2 protein chains.
Amino acid sequence: MAMAFHPLAASRVRLGPFFPAAAAAAPSASSVAAHHHPHHRRRFSAIVATAAASATAITEFDFKAYMGERAATVNRALDAAIPEGEPPKALHDAMRYALLAGGKRVRPALCLAACGVAGGREAWALAPAAAVEMVHTMSLVHDDLPCMDDDDLRRGKPTCHVVYGEPIAVLAGDALLSLAFHHMASIGSYPPDVDPDKHPARVVRAIGELARCIGSEGLVAGQVVDLEMTGTSEIVPLERLEYIHLHKTAALLEASVVIGAIIGGATDEQIERLRNYARSIGLLFQVVDDILDVTKSSEELGKTAGKDLASDKTTYPKLLGLDKSREFAEKLLSDATEQLAGFDKEKAAPLLHLAYYIAHRQN
Amino acid sequence: MAMAFHPLAASRVRLGPFFPAAAAAAPSASSVAAHHHPHHRRRFSAIVATAAASATAITEFDFKAYMGERAATVNRALDAAIPEGEPPKALHDAMRYALLAGGKRVRPALCLAACGVAGGREAWALAPAAAVEMVHTMSLVHDDLPCMDDDDLRRGKPTCHVVYGEPIAVLAGDALLSLAFHHMASIGSYPPDVDPDKHPARVVRAIGELARCIGSEGLVAGQVVDLEMTGTSEIVPLERLEYIHLHKTAALLEASVVIGAIIGGATDEQIERLRNYARSIGLLFQVVDDILDVTKSSEELGKTAGKDLASDKTTYPKLLGLDKSREFAEKLLSDATEQLAGFDKEKAAPLLHLAYYIAHRQN
């Protein structure tokens, strides 16, 4: 049942070809993304032409500024959410260390952007955006533990348990997880212009989405299966690899988008389209991660590179080869952007560019 | 600031005498509780006479049957909440092992009873009652970890990490925590007769209460300070001991009661009285736990007895002596039951008897 999370993805890979839609479309307009990645010009043009916005609208959207402003806003919210220096000091220090370590704040940006595309003010989703980052950080802190992935380096810095010890790292994770729900449920976390009649029901639904993506249908399930695979010399079948990624990575990206959409007042039909968008970019995120692990240095990534190879971990490049992995990434990008057709072009621009960014990020 | 959680308790102990109200009242009626504990007859009679119900109502209330029925109902809800045999199997097995290990289900009973005293149907609070037990279990699983309290025995059985290994125990705890919120937020968890207009706002408020009692204002904070104290030979001051217990134990008992009250439709003033009741029985719970640790065997407790003494842990008996600890327990019981005056006597009977039970349990 849980395997049906993204039922089409595995069969897509097996069936190929990977991006018929993009290949069939005519190369025409240019775009910011194409400009940054000339070898993808034709594919991006096709996606832009078929799915989202005029070339003019695309070039006018300043993605870097958008992300910078959202990251700054979310960082302020995260900073304000955890008291500094108050007892228990070690706990608050560890929570702040893990949460404010930088990071690109992709999940919060997705949450805010989805609220916007659904017709809400992005500020309505600031608390949920902070919450998804808290959940993400919690999963990193616990996954890095010595009894799990035993990782010493994260976002270019020593991991939480290296600095604060194992007990505090476990507890800081627990505290971040509960803080996420506290933040979501606090009236004070939302601006005064949210609809007081509809808001509580939306919050309950959004909390349900967040909770579902963490446990045995999400992050935790992915980590459990990932741990089972690690250290065995057998080759992991593609379905199993996809199960891990859909749970460990895609589930929270999906929740980020869907939560934003719910808070923004999306219809059920809009929520489902945005959910499909998010599932595709979720898997895309992990395929790109696997590619970066074999093509980039630790310095470029801010975490240990080549770790997947060294640990005999099954990855997309190992199963499909690097070229086919890149083609699969393109196919997922195309699937994602197709789901944005039908939304207001200007409002959909952030989600469109987030998809490009996830596909073509360099770390 | 967090120290102000139960600001009066520490000063009460220092100031003494411990139960002036009970001592001043005249011994009169008998009660089930007094019957079970003849040496407390006078005090209980006094409490019963001043605070809650006629002797008739008290004797008519079958506490054992009440608790047995609630535990059976909650156990069914918990059993249904986690699929058996579905992947990831190890995770679900570990969650079920920890959650369905027995236990007295005191927190769920408090939640259900508070819903009833607030005027709701107890069934409205079944999902929140299951949720507080999930949170409780999660905190036990994480606190028992080798890097924390390193406990091998819990509820008479090997602890979760002993059976399933450390990584699964960490992850099962995370999954139980998120499942608690998922359960609270799922519409399907509530019976159809809840008020559809008021229900979502109540659920949001209740989720906020649950989230607050877990993290750096609750369970986790208590565990952090407890860990800091463990292994040091210095005597822990009473304020610090109380901080630990109010966070590690009382916070979730308080949340259990308050959540039930909110779901049951309590007024703000009723919620505050029930909150005060819960804070008193929360501290009471821990004082009694400390007393039992020095007066009972491992077999009677279903967990390692004498552990506090062996580990040089500061306890109420160590700080105050056994007699003064028992007197403090009586004072807290009296404080708790006083808060129930003003509620419907029949509806308040379960909470009254839960207070007696917590004061006079033998394991």
- Gyration tensor over alpha-carbon atoms, region B:63-109, equivalent ellipsoid semi-axes in Å: 25, 9, 6
- Task: Tell me the label-point distance for the pair B:GLU69, A:ASP197, using the 7 Å Cα-to-Cβ offset, in nm and rounded to one decimal.
- Result: 4.0 nm
- Message: What does the copy distance list look like for A:GLY85, label position 7 Å along Cα→Cβ, in nm and ordered from shortest?
- Response: 5.9
- Starting from the amide H of B:ARG154, placed 1.01 Å from N in the peptide plane, find each other amide H under 5 Å away whose residue is 5 or more places distant or on another chain. B:THR159
- Query: Quick one: label points 7 angstrom along Cα→Cβ at B:ALA65, distances to the other copies in nm, smallest first?
  - Reply: 7.3
- Query: Nearest-to-axis residue of chain B, judged by Cβ, for the B-to-A rotation, with distance in whole Å?
  - Reply: B:PRO200, 2
- Message: Ordered shortest first, which distances in nm separate the 7 Å Cα→C-beta label point of B:ALA101 from those of the other copies?
- Response: 3.0
- Task: Enter the per residue convex hull volume of region A:321-363, computed from alpha-carbon coordinates, in Å³ rounded to the nearest integer.
- Result: 53 Å³
- Task: Using only the alpha carbons, work out the radius of gyration and Dmax of region A:61-360 in angstrom.
- Result: 18.6, 56
- Message: I need the fraction of alpha carbon pairs in region A:174-243 separated by more than 18 Å, rounded to a whole percent.
- Response: 56 percent
- Reachable lysines, given that their alpha-carbon falls under 30 Å from the alpha-carbon of B:LYS157 and they are not under 8 places away in the same chain: B:LYS64, B:LYS89, B:LYS104, B:LYS248, B:LYS296, B:LYS303, B:LYS307, B:LYS313, B:LYS318
- Go through region A:232-246 residue by residue and turn each phi into a ³J(HN,Hα) via Karplus (6.51, -1.76, 1.60, θ = phi - 60°); whole Hz please, and just put x for glycine and proline. 7, 8, 5, 7, 7, x, 4, 4, 5, 4, 5, 4, 4, 5, 4
- Message: Taking 35 Å as R0, compute the FRET efficiency from the Cβ-Cβ separation of A:VAL162 and A:ASP62 and round it to 0.05.
- Response: 0.40
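FYI, it's all coordinate maths here, none of it is from the lab. Given the structure is predicted, the values throughout are model-derived calculations rather than measurements. Because the Cβ atoms are built from the backbone with ideal geometry, glycine has one as well, and the counts that use them run over all protein chains shown.
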